[in-house]
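Colleague: Have a look at this one before I ask anything.
The values are calculated or read from the model by the stated rules, or taken from the named source; none is laboratory data. The structure displayed is predicted, hence computed values, not measured ones. We place every Cβ from the backbone using ideal geometry, glycine too, and count neighbours over all the protein chains shown. To get the accessible areas, we keep the full protein, side chains included, count just its heavy atoms, and leave off ligands, DNA and RNA. Shrake-Rupley method; radii C 1.70, N 1.55, O 1.52, S 1.80 Å.
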Amino acid sequence: MLTVKAYAATSATEPLVPTTVERRDLGPHDVLIDIKFAGICHSDIHTARSEWGPTTYPIVVGHEIAGVVREVGPAVTKFAVGDRVGVGCMVDSCRECDNCRKGLEQYCLKGNIGTYGAVGRDGEPTQGGYAQAIVVTEDFVLRIPDGIELDAAAPLLCAGITTYSPLRHWNAGPGSRVAVIGMGGLGHMAVKLAHAMGAEVTVLSQSLKKQEDGLRLGADHYFATSDEETFSKLAGSFDLIINTVSAKIDLDAYLRLLAVDGTLVNVGAPEDPLSVHAFSLIPARRSFAGSMIGGIAETQEMLDFCAEHGLGAEIEVIPADKINEAYERVLASDVRYRFVIDTSTL
Ligand code: NAP
Ligand code: ZN
Ligand code: ZN
């Protein structure tokens, strides 16, 4: 057993505090990773605050992990000491069900094993990336290509794959018109990725405060949703809308922006249920869909795509004692565009 420094939430209402966490001894297929950077995903906040149902405390959240291999188990074949690696939202799955066999481990019929807040195969609760090291079975470890700095790579492990997967699935590319709702952690990656795939990209943000950044990151157009005219001007004009908003929004207003056969994919996961009026879908054969992260092979494909296109996240690296402040800033939409914890400060 290895004891490492970490930061944990101890209740839904108190700030996160320094702690330690135990990592299991290396099994034959396990990789021990020295975590260098951990991104702060809004899902960490939803979980730390029990917004998706009761969380079991204490919990170390964090599923945007980038680091370096310190040690490998005797049967490990894919990684060696010193390799630059990442871990995302899952650390295992059943590997046998139809979905796992198709490389859709995130949709494992028995439930994927989350990086935190789940129960690992060893029967112990999983604890995430706001920590100095983690042990993960090699099949759920990703290779971070040399071209991407570790700090800018960390957010790719969740924000990157969560936007890459639906963009690919719904064929974003030359000739397609993609809108992204919310320019936060996921949203800014959606803009970069959709642009790199060749789509025409529009940002739908609450205000024009981040317009300059949005255009620099690859958006062709940028609109404020606080301006009612945005909705009349853009009616029927997108093939694909990716909703990354962490709160409940008026989906009907956004669905009307879809062209015939267009799809609005919800990746944002608000605490409260979303409602959709049937007549926002029926008159233009529109679809309303959801999507969760991506499979392991697809996550590697995304990392390689990012390296090829020179993409990483726009980040603000923070020391551990700024985590609670960073949470407040994320909640205030004051993040440009992902906070990343330097785990050497834990
Ligand atoms: P984030 O950095 O906080 O970004 C969310 C953005 O949404 C904000 O920056 C803001 O953008 C906009 N927004 C926030 N509150 C809003 C409101 N009340 N009305 C309208 N717009 C609002 O969060 P994130 O880390 O990108 O995560 C976004 C959501 O995705 C979270 O719910 C998270 O749990 C979920 N998530 C889902 C998956 C999945 O697999 N499906 C994976 C990761 C995260 P503007 O300032 O531009 O308006
Ligand atoms: Zn996440
Ligand atoms: Zn499975």
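Here is a yes/no grid of residues against (1) within 12 Å of ligand 2 (Cβ to nearest atom); (2) among the polar types (S, T, N, Q); (3) open to solvent by 50 Å² or more (accessible area, probe 1.4 Å):
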{"position": "ILE59", "(1), (2), (3)": "no, no, no"}
{"position": "GLY62", "(1), (2), (3)": "yes, no, no"}
{"position": "ARG70", "(1), (2), (3)": "no, no, yes"}
{"position": "PRO74", "(1), (2), (3)": "no, no, yes"}
{"position": "LYS78", "(1), (2), (3)": "no, no, yes"}
{"position": "VAL85", "(1), (2), (3)": "no, no, no"}
{"position": "VAL91", "(1), (2), (3)": "no, no, no"}
{"position": "GLU105", "(1), (2), (3)": "no, no, no"}
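Colleague: If you don't mind, there's one more thing I want to ask. Just checking, which of PRO166, PRO155, PRO125 is at pLDDT 95 or above and more than 20 Å from the chain's Cα centre (by Cα)?
Modeller: Only one candidate qualifies: PRO125.
Colleague: A further question follows. For region 72-91, which positions are in a loop (DSSP other than H, G, I, E, B), out of contact with any helix residue (DSSP H, G or I) (no Cβ under 7 Å at 6 or more places or on another chain) and among the β-branched types (Val, Ile, Thr)?
Modeller: Initial filter on region 72-91 (in a loop (DSSP other than H, G, I, E, B)): 73-83, 88-89.
Among the residues that remain, those that are also out of contact with any helix residue (DSSP H, G or I) (no Cβ under 7 Å at 6 or more places or on another chain) are: 73-75, 77, 80-83, 89.
Answer for region 72-91, where residues must be in a loop (DSSP other than H, G, I, E, B), out of contact with any helix residue (DSSP H, G or I) (no Cβ under 7 Å at 6 or more places or on another chain) and among the β-branched types (Val, Ile, Thr): THR77, VAL81.
Colleague: Also, I was wondering about something else. Sort out which residues of region 69-106 are of a type in the set (Ser, Thr, Tyr) and within 16 Å of ligand 3 (Cβ to nearest atom), and write them in order of number.
Modeller: Within region 69-106, just SER93 meets the criteria.
Colleague: Quick one: is ALA194 assigned by TED's automatic domain parsing to the domain that holds ILE241, of a type outside the set (Ser, Thr, Tyr) and open to solvent by less than 60 Å² (accessible area, probe 1.4 Å)? Talk me through it step by step, then tell me what you get.
Modeller: Values: assigned by TED's automatic domain parsing to the domain that holds ILE241: yes; of a type outside the set (Ser, Thr, Tyr): yes; open to solvent by less than 60 Å² (accessible area, probe 1.4 Å): yes.
Yes, satisfied.
Colleague: Across region 86-145, what is the number of residues that are of a type in the set (Val, Ile, Thr) and over 30 Å from THR19 (Cα atoms)?
Modeller: Going through region 86-145 one residue at a time, the tally reaches 0.
Colleague: Can you pull out every residue in region 270-300 that is of a type in the set (Ser, Thr, Tyr) and more than 30 Å from GLY86 (Cβ to Cβ)?
Modeller: Passing the criteria: SER275, SER280, SER287.
This table checks each residue for (1) farther than 19 Å from VAL265 by Cβ; (2) under 18 Å from the mean Cα position of the chain (by Cα); (3) open to solvent by less than 10 Å² (accessible area, probe 1.4 Å).
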position: GLY175; (1), (2), (3): no, no, no
position: VAL178; (1), (2), (3): no, no, yes
position: MET183; (1), (2), (3): no, yes, yes
position: GLY198; (1), (2), (3): no, no, no
position: TYR222; (1), (2), (3): yes, no, no
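Colleague: Okay, moving on. Got at least one residue in region 274-292 being open to solvent by 40 Å² or more (accessible area, probe 1.4 Å), assigned by TED's automatic domain parsing to the domain that holds THR202, β-branched (Val, Ile, Thr) and free of Cβ contacts under 8 Å to residues at least 24 places away in the same chain?
Modeller: Yes: region 274-292 contains one or more residues that are open to solvent by 40 Å² or more (accessible area, probe 1.4 Å), assigned by TED's automatic domain parsing to the domain that holds THR202, β-branched (Val, Ile, Thr) and free of Cβ contacts under 8 Å to residues at least 24 places away in the same chain.
Colleague: Return a yes/no flag: does region 42-54 have any residue that is buried (at least 18 other Cβ atoms within 10 Å of the Cβ) and within 16 Å of ILE144 (Cβ to Cβ).
Modeller: No, there is no match, as no residue in region 42-54 is buried (at least 18 other Cβ atoms within 10 Å of the Cβ) and within 16 Å of ILE144 (Cβ to Cβ).
Here's the yes/no breakdown for (1) in contact with a Leu (Cβ under 9 Å, 6 or more places away or on another chain); (2) within 16 Å of ligand 1 (Cβ to nearest atom); (3) charged (D, E, K, R):
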position	(1), (2), (3)
GLY86	yes, yes, no
MET90	no, yes, no
CYS97	yes, no, no
VAL119	no, no, no
